[in-house]
Structures are given as structure tokens and as C-alpha cells.
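J.: I have a structure here, written as C-alpha cells, and I will follow up with some questions on it.
The values are calculated or read from the model by the stated rules, or taken from the named source; none is laboratory data. Owing to the predicted nature of the structure, the values given are computational and were not obtained by experimental measurement. Virtual Cβ from ideal backbone geometry, glycine too; neighbours counted across all protein chains shown. For accessibility, only protein heavy atoms count, side chains too; no ligands or nucleic acids. Shrake-Rupley method; radii C 1.70, N 1.55, O 1.52, S 1.80 Å.
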Amino acid sequence: MKISMNGFGENMATFACGDTTAYGSLVKMSDNGTVSPCVSGDVFCGVANSTRNGFAAVQLNGYREIPYTGTAPKVGYQTLAASGAQSVSVVSTGGRSYLVVDVDPNAKTIGMML
């Protein structure tokens, strides 16, 4: 992509997390103030930007580049869900609508607004 959206509208919040939450994990709410890594089909609330000592800084809004699996999403609003802790996929049921602003089929990544 010829332009950069890195940093646009980023919003982070700190949540408690377990040892399995790693940098780049798509996360979901699992308890009061606590996130855990997604599994396939989960609707995610954000992406763990860092983890340390049982806490995760989770990006809840803004531009983020994320790997995808399966059929490449198209630009525009797409219904996406986690396809594991580290990637997303297009789904027809469940999921949530996100704005996809760029697709790199060679790297199998998308740029999206959380």
C-alpha cells in the first residue's frame, strides 16, 4: 500500500490475561477485566499489543495489520471472526463487521480498522 495508516485512531486498554496470551493474539473477553486468546469462530474485541506479568495492553480501535486464512477478504466492510489466536477469516454467520482498507494476498494479511 502506498500510504500508511499506522497509528490512526489507536486506542489501548489494559486487561488481565493468562500465560497463553501473546503479542499479536486476537483476544476476547473471558471474565471481568480479563481477556484470553480467541479460537476459531470467536468474535474478537481487540489485539494484544504487549503482555507482561499477567496483563495485556489490548488495541481496541484503530488500524491494524492482521494475517488472514481462507478466502482473501475484499476491501470495504467485511464480516470477520478469529480463525485462531493469530488470524482472521471471512464468515457468513457470527463474526462482526470491520472495515478492510487493504489486502495483501502474497503476505496473506489485511489492513483493517478495529
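J.: Quick one: ranking S83, S30 by accessible area, 1.4 Å probe, largest first, what do you get?
T.: In descending accessible area the options line up as S30, S83.
J.: Applying the Karplus parametrisation 6.51 cos²θ - 1.76 cosθ + 1.60 with θ = phi - 60° to the phi angles of region 57-66, what ³J(HN,Hα) value in whole Hz is obtained for each residue in order, glycine and proline being reported as x?
T.: Here the 3J(HN,Hα) series is 8, 10, 7, 9, 9, x, 6, 8, 8, 9 Hz.
J.: Further, regarding this structure: Using a simple spin-label model with points 7 Å from Cα along the Cα→Cβ vector, what separation in nm is obtained for V75 and S30?
T.: Going from the V75 label point to the S30 one covers 3.7 nm.
J.: Next question, about the same structure. Go through region 44-55 residue by residue and turn each phi into a ³J(HN,Hα) via Karplus (6.51, -1.76, 1.60, θ = phi - 60°); whole Hz please, and just put x for glycine and proline.
T.: Those phi angles translate into 9, 9, x, 10, 5, 8, 7, 9, 6, 6, x, 10 Hz.
J.: HN-Hα J couplings of region 92-107 from phi, Karplus 6.51/-1.76/1.60, θ = phi - 60°, integer Hz, Gly and Pro as x?
T.: Result, ordered by residue: 9, 10, x, x, 8, 7, 10, 8, 8, 9, 7, 10, 10, x, 6, 8 Hz.
J.: Please check the chain for the longest run free of chymotrypsin sites (Phe, Trp or Tyr not before Pro) that are loop-located per DSSP (anything but H, G, I, E, B) and have at most 14 other Cβ atoms within 10 Å.
T.: 24-114
J.: Note down the relative contact order for the chain as a percent, whole number, built from C-alpha pairs under 8 angstrom at least six residues apart.
T.: 25
J.: While we're here: How large is the convex hull of the C-alpha atoms of the chain per residue, in Å³?
T.: In the chain, the Cα convex hull volume per residue is 95 Å³.
J.: Probe 1.4 Å, all protein chains in place: accessible area of T34 in Å², nearest 10?
T.: 30
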